[in-house]
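The values are calculated or read from the model by the stated rules, or taken from the named source; none is laboratory data. Being a predicted model, the structure only gives us computed values, none of them experimental. Backbone-built Cβ (ideal geometry, glycine too); neighbour counts: all protein chains shown. Accessible surface is based on the protein model in full, side chains and every heavy atom, while ligands, DNA and RNA are left aside. Shrake-Rupley method; radii C 1.70, N 1.55, O 1.52, S 1.80 Å.
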Amino acid sequence: MDAVPATDLAAAARGVPTFDAIVVGAGIAGMYMLHNLRGLGLDVRVFETGTDVGGTWYWNRYPGARFDSESWTYGYAFSKELLEEWDWKEHFAPQPETLAYLNHVADKFDLRRDIQFEATVAAAAFDEAARQWEVTLAGGERFRATFLITALGVLTAHTPPKIDGIETFAGVAHHTARWPKEPVTFEGKRVGVIGTGATGIQVIQTVAKTAGHLTVFQRRPNFSAPLHNSPISPEEMADIKSRYDAIFARCRETPGCFIHMNDPRSTFDVTPEEREAFYEKLYGEPGFGIWQGNFRDMTTDLEANKIATDFIARKIRERVNDPVVAEKLIPKDHGFGTRRVPLESGYFEAYNQDNVELVCLQETPIERITPKGVKTTDREYELDVLIYATGFDAVTGAFDKIDIRGKGGLPLRQKWGDGPRTFLGLQSEGFPNLLTLVGPHNAAARCNIPRCIEQNVEWVTRLMRHMQANGLTYVEATRAAEDKWTADIEKLAEHMLYKDVDSWMTGVNRNVEGKDVRRILQYQGGAPAYRKACDEIADRGYEGFVLA
Ligand SMILES: Cc1cc2nc3c(=O)[nH]c(=O)nc-3n(C[C@H](O)[C@H](O)[C@H](O)COP(=O)(O)OP(=O)(O)OC[C@H]3O[C@@H](n4cnc5c(N)ncnc54)[C@H](O)[C@@H]3O)c2cc1C
């Protein structure tokens, strides 16, 4: 779509419904943003592709979908009443429980009346004369607002695999992020799963329990560690509630806003025996401790990382009976913790079952999908159900799907063509009044995400309050502030091992054209430093922004 001149836009604006703010996305970020903007008395409309709230937890209904964040650290912290009335049933809640929670939030705060569902934003253009955004939905409807706030999520733009013949498969096929609302059964069926990332791991360990035969098509293995989930008794929930202030205070201190804090020691400060005992302890504990609570140099020092990686590889060898299969499940192209670590519950033991077979696509690549199943260079695997656990075009993928045009009709896709350019991960020069919650260059993608969402939303709320109080209607990052932030983002990642590894965290996705170059997509200084940087900018009267 070509840029529409501002004057035409202004003319066309007559009769176009106009709001103070438009929010795109009704996941955790969009819901909270709506609640806060309403609190400021603003007239808001949220557009959401899905038929209801929940975002990630609305779409990802696949078997086995659940948290790797502790449930009681993941919920919204902004409302004491909400914290008091919601009882989590498991330490790492399954998708239906989280979706029920988000529905409860939507009911409690009466959010749905300002959310337009089945409404996909296809384009947004800034009208410089009117200082408004004009938003166009996929169906052609147009709306206007002073502020456009994206709450698109980091794992939203799902990516089906690029395989010849995909449309010819005669059985049942689903991508995990577009899983149907009706139950899908596997009893006695021949099931295939393509993909062994975080989602694939959850699906495989779950489907293996009932499938007649499960074939796992693995392109690259991932390191994974035990989740150690368990139910929460009423007494335990009462105890958690009594400690919420301390729990959220802890989350504010840690780099990833989890309860887990890096051990201040270096891997080399201790004897090999002490090291082993420490790894064992972490491996036996619930959640991300093994990743986020490990020695401070595990994700920055190659040698330290190698020692931890060897420990995890040994665990895989211990748990998988067939040594040949075990070797195939151990990544050789990256170290433990240099990709977001999937947490598992019996994943490796699934490969000890007679009904589970691992196909290593590095040895025998897929040639095509056929009406009967999957054909590799070795043979054809006949399947009744095919599951694509092939993930997302992460962080910037959902932005790329919208034709966002800033000043002078500049497309955001073009501006971010060589990698995102932002100030605080919340604004981009040339795109006034566009605020990008949980966008690139934010601390959020590495985070226990709702904690970072609350920070982002509260920062934007403060900005809006400031603008309201001072009669301002225009906010735009300066080029200098954006240049500095973007340079800082690169610098902060320099010492991190993850930046040399292909993963969604470095924006690499072989199923998406042009996503084969690693990029620094996140702020790596840790959430506390990010929060401090954001607060200082606000305290100094929004230094680095033009306000008018
Ligand atoms: C399977 C899975 C498990 C996860 N587990 C964890 C976990 O344990 N801990 C953790 O911290 N994070 C986890 N995450 C990350 C998760 O995405 C975040 O925790 C959180 O849900 C993000 O909320 P959000 O509101 O930012 O985005 P989302 O929940 O992704 O919501 C974005 C919404 O925007 C809508 N949208 C996007 N583009 C458009 C458009 N153009 N027009 C209209 N609507 C649009 C989408 O439909 C979606 O509903 C997980 C992600 C997945 C996929």
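Go ahead and estimate [θ] at 222 nm for the chain from helices alone: -39,500 (n - 2.57) per DSSP H run with n ≥ 4, summed, over the residue count, rounded to 500.
-9500 deg cm²/dmol
How are the Cα pair distances of region 58-98 distributed, in percent, across 10 Å bins from 0?
Per 10 Å bin, starting at 0, the Cα pair percentages come out as 29, 51, 19, 1.
Which one, 53, 24, 212, projects farthest toward the positive side of the charge dipole computed for the chain from Cβ point charges (K/R +1, D/E -1)?
The one lying farthest along the dipole's positive direction is 24.
Provide the packing ranking of 114-123, 501-510, i.e. peptides ordered by the mean count of other C-beta atoms within 10 Å per residue, highest first.
501-510, 114-123
I need two numbers for the chain: Rg to one decimal and Dmax as a whole number, Cα atoms only, in Å.
Values for the chain (Cα only, Rg and Dmax): 23.6, 74 Å.
What figure, in Å² to the nearest 10, do you get for the accessible area of residue 479 with a 1.4 Å probe and non-protein molecules left out?
130
Measuring with a 1.4 Å probe in the full set of protein chains, what accessible area per residue, in whole Å², belongs to the chain?
39
Considering only protein heavy atoms and a probe of 1.4 Å, how much of the accessible area of the chain is carbon and sulfur, as a whole percent?
Percent of accessible area from carbon and sulfur atoms in the chain: 51.
Can you order the peptides 71-81, 285-295, 181-191 by their average number of other Cβ atoms within 10 Å per residue, highest first?
Taking the mean over residues of other Cβ atoms within 10 Å, the ranking is 285-295, 71-81, 181-191.
In a shell of Cβ-Cβ distance under 14 Å around residue 65, excluding residue 65 itself, what net charge do Lys and Arg (+1) and Asp and Glu (-1) give?
Surrounding charge for residue 65 is 0.
Top to bottom by accessible area (1.4 Å), largest first, where do 476, 90, 128 land?
Descending order: 128, 90, 476.
Placing +1 on the Cβ of each Lys and Arg and -1 on the Cβ of each Asp and Glu in the chain, which of 291, 364, 304 has its Cα farthest towards the positive end of the resulting dipole?
Checking the options against the dipole of the chain, the answer is 364.
Quote the charge dipole size of region 428-489 about the Cα centre in Debye, to the nearest 20; the model charges only the Cβ of Lys and Arg (+1) and of Asp and Glu (-1).
180
Sort 356-368, 235-247 for me by packing, meaning the mean count of neighbouring Cβ atoms within 10 Å per residue, highest on top.
356-368, 235-247
Please work out how much accessible surface residue 498 shows to a 1.4 Å probe, ignoring ligands, DNA and RNA, in Å² rounded to 10.
My reading of the accessible area for residue 498 is about 10 Å².
Taking Cα atoms, how many degrees apart are the long axis of helix 28-39 and the longest axis of the chain, rounded to 10 and kept between 0 and 90?
30
Below 8 Å, C-alpha to C-alpha, sequence gap of six or more: please give me the relative contact order for the chain in percent.
19
Which one, 71, 234, 373, is farthest towards the positive end of the dipole of the chain when Lys and Arg carry +1 and Asp and Glu -1 on their Cβ?
Looking along the dipole axis, the top candidate is 373.
Kirkwood hydrodynamic radius, computed over distinct alpha-carbon pairs, for region 289-386: how many Å, to one decimal?
Answer for region 289-386: a Kirkwood hydrodynamic radius of 15.7 Å.
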